[in-house]
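Structure record follows, encoded as structure tokens.
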Amino acid sequence: MPRYLWQVSYSPEGARGVLDQGGSARRAAIVEMVESVGGRVEACYFAFGPHDLVVLGEVPDDVAAAALSLRTAASGAAISRTTVLLTPEQLDQAAQRDVRYEPPSA
């Protein structure tokens, strides 16, 4: 199953919700959301810096990942940035794949 990194930034409203509900409740809601599309959360951490939350997990495909992102954005409570993660073996496969490419010339 494809793996993803979600970097989440809360809106002021979302941050107030975390203050009211707590981090454990937020993690439970995230696990439930990811599992609802057939996925699994591997790790969930709150963070300092440009992102308030970092989640590592897997979902069946990019459509499921897009559905999670859309629901998060539509809530207005947070913005999620999704990064597809590749294993070293997947990168090995990519490096071996025949690709026709002509770089731009000056």
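The values are calculated or read from the model by the stated rules, or taken from the named source; none is laboratory data. Source: prediction; values computed, not measured. Because the Cβ atoms are built from the backbone with ideal geometry, glycine has one as well, and the counts that use them run over all protein chains shown. Note: areas computed on protein heavy atoms with side chains; ligands, DNA, RNA excluded. Shrake-Rupley method; radii C 1.70, N 1.55, O 1.52, S 1.80 Å.
Observations, loosely collected:
- Estimated D of the chain in µm² per second, where Rh is the Kirkwood radius over Cα pairs and Stokes-Einstein applies at 25 °C, 0.890 mPa s: 160 µm²/s
- With 0.36 nm allotted per residue and the present C-alpha distance subtracted, the Asp20-Arg100 stretch has 23.4 nm of extension available.
- When all protein chains stay in place and ligands, DNA and RNA are ignored, the 1.4 Å accessible-area order of Tyr10, Tyr101, largest first, is Tyr101, Tyr10.
- Solvent-accessible area assigned to carbon and sulfur over the range 1-105 amounts to 55 percent, based on a 1.4 Å probe.
- In the context of the full set of protein chains, residues of the range 16-62 present 63 Å² of accessible surface per residue (probe radius 1.4 Å, heavy atoms only).
- Value of [θ]222 nm, deg cm²/dmol, for the chain, DSSP H segments ≥ 4, -39500 (n - 2.57) each, nearest 500: -13500 deg cm²/dmol
- Simple spin-label estimate for Tyr45 and Leu86 in nanometres, 7 Å along Cα-Cβ: 2.4 nm
- 14 Å reach of a label modelled at Ser9, 7 Å along Cα-to-Cβ, counting backbone N of the range 45-83: 48-54, 73, 77-82
- Highest average first, the peptides 35-43, 85-93 ordered by how many other beta carbon atoms sit within 10 Å of their residues are 35-43, 85-93.
- Each Cα pair under 8 Å and six or more residues apart adds its sequence gap; the mean of these over the residue count of the range 17-80 is a relative contact order of 22 percent.
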